[in-house]
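Trainee: Here's a structure for you.
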Amino acid sequence: MAAALFTLTGCSNSDPSCSNSAETSKPAVAYIIANTANSKPVDSSAPLIQDTMLDAAMNYGYCIVARVDGDPALISTEDLNIDEQYKTASKERLKRDAASKASNLLQIVDSVTPVNPEADYLEALRLGASSLRSLDSSYTSRTIICCGSGLSTSGYLNFQNNLLSAEPQVIVDMLKEREALPDLSGCTVYWLGMAQVEAPQEKLTPKQSNNLTSIWKAVVEASGGEFVSNDYIAVSNDTNATDSLPSVSVVDIPSDTPIVFDSDVLDETDTEESNAFDEPVALEESQVQFVGDEAAYLNPEAALETIRPIADYLAKHESVSLLLVGSTAGDITDESILSLSQARADAVKKTLCDDLGIAESRIHTLGMGSSAPWHISNVGYDGAAASRNRNVTLISADTELAQSLMNNH
């Protein structure tokens with residue numbers, strides 16, 4: 001059946017370049033396969049997989065298959081070249097042989113099963129790229145096709161640490177600091193199934209799906225590769241396909257992810273139906289910086305000018321009230337940390353009310369330390385991600401999120 005499919009399947013113009021001439025193309029392809037319990041099963045009938053396999057087989061390329069789990073590993077490495085004496089066979093014979101080889105590769109992809117619980121996509125990418133780089137210079141292209149949701153649950157890029165709440169550049173900076181970026185130079189990374197999950201993993205919102213894609217795009221490009229997302233939706237009629245797979249930890253999906261404050265956002269998101277703070281907006285450390293372990297501004301004048309547009313917005317929209325949530329770096333939330341984060345939220349309230357004329361009754365404050373729903377855990381006290389955790393976040397007090405935070409703390 002697979003051989004027949006390959007016989008009928010041609011190369012798509014929307015997928016990696018497919019040439020039927022061995023003189024112009026000798027592709028090397030690595031398939032990174034995540035048949036994990038919380039990710040949709042890999043659909044090997046996807047045109048991207050079918051076309052690249054057939055292209056590699058017809059053009060005497062090289063194929064690598066690696067599994068994604070808690071300890072990624074190579075499953076197969078296949079040199080698809082043949083002796084020169086056989087290359088003079090008829091085109092029909094060569095096509096049949098290529099389809100047969102591609103069919104065998106497809107069976108390998110379909111048989112990939114994780115051994116260790118969890119999923120480490122970053123390490124699997126590193127493994128695939130390293131294998132491609134080890135090949136000689138006769139290969140004209142190096143392509144990685146990653147199949148899976150992208151929700152890593154182990155390794156340096158562990159989304160259980162609330163990384164869905166982080167800006168892509170923060171993630172890149174964190175990986176650079178830890179010297180954890182893979183070398184993807186010369187590789188094009190195509191991704192199938194991004195953000196497509198299975199129960200018990202909660203589905204991502206469209207915004208979170210887009211941010212997950214943006215994070216991986218930023219990581220791939222910072223690693224020297226080219227990132228191409230593929231919108232093909234995996235289809236599986238086997239509802240029990242993941243029942244026998246090792247369990248994978250569920251990634252908690254935050255209800256809302258703060259955006260970094262920019263005065264332009266006050267106009268861009270302001271409509272008759274909503275206000276600019278219906279979603280959380282973070283005043284980050286680079287914008288309103290406090291003295292270490294204190295609630296005093298490091299630069300009071302700069303802080304005042306940063307906060308002034310918020311006061312101007314509130315003056316024009318008298319029905320809007322805000323909750324200010326103070327957050328800190330680290331993963332400890334004891335009484336002293338709660339007190340510090342509360343004092344920093346109160347400091348911003350004082351600026352809005354005492355210095356810029358907003359009524360105190362419109363501004364509520366809450367110190368949450370490292371327990372805010374958007375806090376990035378396990379990043380310590382230094383570096384970009386830690387700096388990202390030091391913030392005061394502004395939310396419309398009427399929103400469900402703000403009400404929940406105030407009622408539960």
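Trainee: Would you mention how many residues in the stretch 376-393 are in a helix (DSSP H, G or I) and out of contact with any Ser or Thr (no Cβ under 9 Å at 6 or more places or on another chain)?
Mentor: Just the residues of the stretch 376-393 that are in a helix (DSSP H, G or I), to begin with: 384-389.
Cutting the leftovers down to out of contact with any Ser or Thr (no Cβ under 9 Å at 6 or more places or on another chain) gives us 384-386.
Number satisfying all stated conditions: 3.
Trainee: Could you list, ordered by first residue, the pairs with Cβ atoms under 8 Å in which the first is in the stretch 395-409 and of a type in the set (G, A, S) and the second is in a helix (DSSP H, G or I) and open to solvent by 60 Å² or more (accessible area, probe 1.4 Å), at least 6 apart or interchain?
Mentor: As it stands, the answer is A397/Q403, since those pairs meet every condition given.
Trainee: A follow-up question, please. Take the conditions of a type outside the set (A, V, I, L, M, F, W, C), within 23 Å of T113 (Cβ to Cβ) and at pLDDT below 95 and apply them to Y190. Does it pass?
Mentor: Spelling it out, it is not the case that Y190 is of a type outside the set (A, V, I, L, M, F, W, C), within 23 Å of T113 (Cβ to Cβ) and at pLDDT below 95.
Trainee: Still on this model: Restricted to the stretch 368-394, and to residues that are among the small types (G, A, S) and open to solvent by 10 Å² or more (accessible area, probe 1.4 Å), which residue is farthest from A295 (Cα to Cα)?
Mentor: Selected residue: S377.
Trainee: If I ask for residues that are small (G, A, S) and buried (at least 23 other Cβ atoms within 10 Å of the Cβ), which ones from the stretch 329-346 would you list? Let's see the steps before the verdict.
Mentor: Here is the first cut: in the stretch 329-346, the ones small (G, A, S) are 329-330, 336, 339, 341, 343, 345.
Scanning the stretch 329-346 gives A329, S341, A345.
Trainee: Please name all residue pairs, on different chains or six or more residues apart, with Cβ atoms under 6 Å, provided the first residue is in the stretch 86-110 and is closer than 30 Å to T36 by Cα and the second residue is among the polar types (S, T, N, Q).
Mentor: Correct list of pairs: A99/T7; L106/S44; I108/S76; V109/S44; D110/S44.
Trainee: Just for the stretch 287-306: of the residues that are in a helix (DSSP H, G or I) and among the acidic types (D, E), which one is surrounded by the fewest Cβ atoms within 10 Å (Cβ to Cβ)?
Mentor: Filtering the stretch 287-306 down to residues in a helix (DSSP H, G or I) leaves 300-306.
Applying the additional criterion that residues be among the acidic types (D, E) yields 301, 305.
On the way: E301: 8, E305: 10.
Across the stretch 287-306, the extreme among qualifying residues is E301.
Trainee: Within the stretch 307-328, which residues are open to solvent by less than 30 Å² (accessible area, probe 1.4 Å) and either among the hydrophobic types (A, V, I, L, M, F, W, C) or part of a helix (DSSP H, G or I) (or both)?
Mentor: Selection gives I307, I310, A311, Y313, L314, V320, L322, L323, L324, V325.
Trainee: Within the stretch 145-194, how many residues turn out to be part of a loop (DSSP other than H, G, I, E, B), within 14 Å of V68 (Cβ to Cβ) and among the hydrophobic types (A, V, I, L, M, F, W, C)?
Mentor: Kept after step one, since they are part of a loop (DSSP other than H, G, I, E, B), are these residues of the stretch 145-194: 148-158, 162, 166-167, 178-186, 193-194.
After this cut, where a residue has to be within 14 Å of V68 (Cβ to Cβ) as well, the list is 148-155, 157-158, 182, 193-194.
Still in the list and also among the hydrophobic types (A, V, I, L, M, F, W, C): 151, 157, 194.
So the answer is 3.
Trainee: Consider the stretch 336-376. How many of its residues are modelled with pLDDT under 95 and under 11 Å from V392 (Cβ atoms)?
Mentor: Residues meeting the conditions: 1.
Trainee: Okay, next question. Specify which of the listed residues (A124, A119) is crowded, with 21+ Cβ neighbours inside 10 Å and not in a helix (DSSP H, G or I).
Mentor: Among A124, A119, only A119 is crowded, with 21+ Cβ neighbours inside 10 Å and not in a helix (DSSP H, G or I).
Trainee: I'd like the full set of residues that are open to solvent by less than 50 Å² (accessible area, probe 1.4 Å) and among the hydroxyl-bearing types (S, T, Y), limited to the stretch 127-137.
Mentor: S131
Trainee: Looking only at residues in the stretch 94-114 that are polar (S, T, N, Q) and within 28 Å of the chain's Cα centre (by Cα), which one is farthest from L48 (Cα to Cα)?
Mentor: T113
Trainee: Determine which single condition A98 fails, assuming it passes every other condition in (1) modelled with pLDDT of 95 or more; (2) open to solvent by less than 40 Å² (accessible area, probe 1.4 Å).
Mentor: The number of the failed condition is (1).
The values are calculated or read from the model by the stated rules, or taken from the named source; none is laboratory data. What you see is a predicted model; the values in this text were computed from it and never measured. Here Cβ is always computed from backbone atoms with ideal geometry, including for glycine, and neighbour counts include all displayed protein chains. In case anyone asks, the SASA skips ligands and DNA or RNA and just uses the protein heavy atoms, side chains included. Shrake-Rupley method; radii C 1.70, N 1.55, O 1.52, S 1.80 Å.
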